[in-house]
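Structure first, commentary second.
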Amino acid sequence: MSFTRYEPRMTRLYRSKLFVPGSRPEFFEKAAKSEADVVCLDLEDAVAVGDKPAARKNVIGALNDVDWGTKFVTIRINGLDTHFCYRDVIEVMEEGGERLDAIMVPKVGVGADLYAIDMLISQCEEAVGRKTQVGLEVIIESALGMENVNEIAAASPRLQTMHFGAADYAASTGMRTTNIGGSNADYTVLTDEGEGGARDAHWGDMWHYMLARMVAAARARGITPIDGPFGNFNDDEGFQNQAKRTAVMGCEGKWAIHPKQVPLANAIYTPPAKEVERARAILAAMKEAEAKGLGAATLDGMLIDAASIRQAQGIVAKMEQIEARGA
Ligand code: COA
Ligand code: MG
């Protein structure tokens, strides 16, 4: 390990984050009773411009009146390029009480965007005498944000999670998709000619680079990476496929833009039983090896060593957290 270390800041489960437009108060109780680990009361893109002030009032009411149980409760404010942004922070911080866990900032482009929101939050916390600190979350969803992702990851001690927003990212970079988080049949690799001259086209993962880059930037600073939305909520298989890929890459959860995506995300971001079993076997085998004074050992014909212990410990710890929660 380097002498420089950043401990993980998000210690809560974050497998599913259910989005609820602030302008749809009839959804609030349903979201609170859902199995989502996290809820996000949205003031940004799911709310029409004319509804912004009313949505803010609804969200403040929901923070004060709805029983959110053990959920991690967040709001998404409007971007720093809008005049809704400062009021979102100030009104919610002044009138929303203590139940708000974190504020999500969309379309962050530079570290100073977070610095500005952190300053507003800090002033509000002091003014209202808040007992707990509000966390920050960012969405990387623009070319500027991606180019400055390392700076953003280091921009505020409040920052806990970093999210990838495929739709706005595609809009910002000119990527050709119309389906939020979906794929494009033109993003393929063609094989050489096989027998009879046939060639196969293999679909590529057009989101791979962005996610890999964000995961590394986030993890380097102790921030938890989370995958964003998959718009076609009637395509369970498509959602599951995308979620599996990002879970393999290190994301700890994914947005649910409809309640039916919540159980899908909870299942996929729970370590698979086979991986948990193997992780427990690795820990047992390494304990035995250590007792014999060995640093490396074999398990089922494969090398395991200290790095295997670290991987296995992460999987087992996550599983224990899920078991303790009882879902
Ligand atoms: N939170 C909580 N409950 C929700 C919900 C949500 N986001 N979306 C739907 N529901 C409820 C409905 O009230 C309905 O409940 P009922 O069976 O008791 O009547 C049930 O889930 C099924 O809803 P359905 O009719 O399939 O959905 P809809 O047509 O009413 O709404 C959306 C579909 C996509 C508009 C809605 O899910 C939504 O607003 N999602 C969030 C969008 C968002 O925030 N986007 C920003 C981030 S990308
Ligand atoms: Mg967006």
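The values are calculated or read from the model by the stated rules, or taken from the named source; none is laboratory data. These numbers were taken from a predicted model, which means no experiment stands behind them. Cβ atoms come from the backbone with ideal geometry, glycine included; neighbour counts cover every protein chain shown. Areas reflect the complete protein model, heavy atoms only, side chains present, ligands, DNA and RNA absent. Shrake-Rupley method; radii C 1.70, N 1.55, O 1.52, S 1.80 Å.
Residue under question is D305, and the condition is that it be among the acidic types (D, E) and open to solvent by less than 80 Å² (accessible area, probe 1.4 Å); does it hold?
Details: among the acidic types (D, E): yes; open to solvent by less than 80 Å² (accessible area, probe 1.4 Å): yes.
Yes: the conditions hold for D305.
Being open to solvent by 30 Å² or more (accessible area, probe 1.4 Å), more than 16 Å from ligand 2 (Cβ to nearest atom) and of a type in the set (V, I, T), is that true of even one residue in segment 214-231?
As a first pass, look at segment 214-231 and keep what is open to solvent by 30 Å² or more (accessible area, probe 1.4 Å): 216, 219-221.
With the extra rule that they be more than 16 Å from ligand 2 (Cβ to nearest atom), the set shrinks to 216, 219-221.
If we keep only those that are of a type in the set (V, I, T) as well, we get none.
Looking through segment 214-231, none of the residues is open to solvent by 30 Å² or more (accessible area, probe 1.4 Å), more than 16 Å from ligand 2 (Cβ to nearest atom) and of a type in the set (V, I, T).
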* For A256, indicate whether it is touching a Leu at 6+ places or on another chain (Cβ under 7 Å), open to solvent by less than 70 Å² (accessible area, probe 1.4 Å), within 16 Å of ligand 2 (Cβ to nearest atom) and not β-branched (V, I, T). => yes
* **Pairs, first within 16 Å of ligand 2 (Cβ to nearest atom) in segment 33-60, second of a type in the set (D, E), C-beta under 6 Å, six or more apart** => L43/D88
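Going through E26, E35 one at a time, which residue ends up being within 15 Å of ligand 1 (Cβ to nearest atom), open to solvent by 50 Å² or more (accessible area, probe 1.4 Å), in contact with a Pro (Cβ under 7 Å, 6 or more places away or on another chain) and not in a strand (DSSP E or B)?
Numbers: E26 fails: in contact with a Pro (Cβ under 7 Å, 6 or more places away or on another chain).
Just a single option satisfies the conditions, and that option is E35.
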* **Every residue from segment 111-124 that is under 19 Å from the mean Cα position of the chain (by Cα) and among the β-branched types (V, I, T)** => none
* Just give me the residues in segment 123-156 being in contact (Cβ under 8 Å) with a residue 40 or more places away in the chain and within 16 Å of ligand 1 (Cβ to nearest atom), in sequence order. => E137, I139, I140, E141
* Check off (1) part of a helix (DSSP H, G or I); (2) within 26 Å of S142 (Cβ to Cβ); (3) open to solvent by 10 Å² or more (accessible area, probe 1.4 Å) for D88 and give me the number that stays unchecked. => (3)
